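The block underneath contains the structure these notes are about, expressed in structure tokens.
The values are calculated or read from the model by the stated rules, or taken from the named source; none is laboratory data. These numbers were taken from a predicted model, which means no experiment stands behind them. Note that we place each Cβ from the backbone using ideal geometry, even for glycine, and neighbour counts take in every protein chain shown. Just so you know, the surface numbers come from the protein's heavy atoms only, side chains and all, with ligands and any DNA or RNA stripped out. Shrake-Rupley method; radii C 1.70, N 1.55, O 1.52, S 1.80 Å.
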Amino acid sequence: MRISKRLEALYEAVNPGESAADIGTDHGYVPILLLQNGISEKVILSDISTGSLAKAEENFRQMGIKIPETCFRIGDGLSSIEPGEVDAVIIGGLGGRTIRQILADDPEKTATYRKLILQPRNNSGELRYYLYRQGYDIQREILAPEGKFVCEVIVAVKTDEGMRTPPYDAQDIRWKYPESMVSCDPELLGQRIGWLSGRLLEQVESLRKSKEVSEDRIRKLLEQRDYILELEKKNKEYHREHYGEKTQCN
């Protein structure tokens, strides 16, 4: 069975011995890997689509993996799993705001799961901001290639703290590119930062050509660019220190 690097990253974020629920499981590839490789003894596959869940069940049959029928569940978001029923909740392939809403629908229930493994398609900064406010710490950041895109996987764990006041507003670039990305794959992080750096310079040049030049806006854009370039520098230094000249993926 061949799977994408994105799904592989979700799978690798589950530690041996942890049970997991894959929300929006689609083909069920991540739960299959968890069982095949003895990472998890218990998995739950949940999807809002009966068609997708049927595909997952068929894939399990073809792989010769037998689990109770009750592990295949139709449901929206976290509605199909009980509070504290699993250690880790996996939600991938959805927009960051959609993932945030799934978690926010019942914050008390969400807090009963020890680990959240999240892969937002977009708006990852807003998702990290929400997690911080709700008392989650980001344990690990993973970047994974998928086609021409670089996907983000956020591994978050609940702290003993309740609601927290974020140190900066939700639109701050440090939520989208947090310092914790220093350990990410240098090549993939470099791709993302190279693209964003170019976009920021384009915006600056466009503003400088406009009739009403906003010096404050230009200053903020250049500060953002300085920040991501410094993050890229720290990322390279981190990998040289830990792995020498060898590139290490997370």
Within region 88-113, of all residues that are of a type in the set (Ser, Thr, Tyr) and more than 15 Å from the chain's Cα centre (by Cα), the one nearest to Val14 (Cα to Cα) is Tyr113
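Out of region 174-233, which residues are of a type in the set (S, T, N, Q) and open to solvent by less than 30 Å² (accessible area, probe 1.4 Å)? Don't jump to the end; show me each part of the working.
Filtering region 174-233 for residues of a type in the set (S, T, N, Q) gives 180, 183, 191, 197, 203, 206, 210, 214, 224.
Ser197, the sole residue that qualifies.
When the residues of region 237-250 are narrowed to those that are surrounded by fewer than 14 Cβ atoms within 10 Å (Cβ to Cβ) and part of a helix (DSSP H, G or I), which ends up modelled with the highest pLDDT?
Kept after step one, since they are surrounded by fewer than 14 Cβ atoms within 10 Å (Cβ to Cβ), are these residues of region 237-250: 237, 240-248.
With the extra rule that they be part of a helix (DSSP H, G or I), the set shrinks to 237, 240-243.
Numbers: Glu237: 96, Arg240: 93, Glu241: 92, His242: 88, Tyr243: 85.
Among them, the one singled out is Glu237.
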Among residues of region 10-33 being in contact with a helix residue (DSSP H, G or I) (Cβ under 7 Å, 6 or more places away or on another chain) and part of a helix (DSSP H, G or I), the residue most open to solvent (accessible area, probe 1.4 Å) is Tyr29
Of the conditions (1) modelled with pLDDT of 95 or more; (2) surrounded by 15 or more Cβ atoms within 10 Å (Cβ to Cβ), the single one that Pro68 does not satisfy is (2)
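Counting just the residues of region 122-159 that are of a type in the set (Asp, Glu) and in contact (Cβ under 8 Å) with a residue 40 or more places away in the chain, which one comes out most open to solvent (accessible area, probe 1.4 Å)?
First, pick out the residues of region 122-159 that are of a type in the set (Asp, Glu): 126, 137, 141, 146, 152.
Narrowing the set further to residues that are in contact (Cβ under 8 Å) with a residue 40 or more places away in the chain leaves 126, 141, 146.
Numbers: Glu126: 32, Glu141: 4, Glu146: 50 Å².
The qualifying residue most open to solvent (accessible area, probe 1.4 Å) is Glu146.
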Pairing a residue in region 219-236 that is under 14 Å from Glu179 (Cβ atoms) with any residue that is open to solvent by 40 Å² or more (accessible area, probe 1.4 Å), where Cβ atoms lie under 8 Å and the two sit 6 or more apart in sequence or on different chains, gives Tyr227/Arg174; Leu231/Glu179; Lys234/Glu179
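Determine, yes or no, whether Ser210 is of a type in the set (S, T, N, Q) and touching a residue at least 12 places away in the same chain (Cβ under 8 Å). Steps first, answer last, please.
On the way: of a type in the set (S, T, N, Q): yes; touching a residue at least 12 places away in the same chain (Cβ under 8 Å): no.
No.
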Within region 34-59, residues part of a helix (DSSP H, G or I), surrounded by 19 or more Cβ atoms within 10 Å (Cβ to Cβ) and small (Gly, Ala, Ser) come out as Ala56
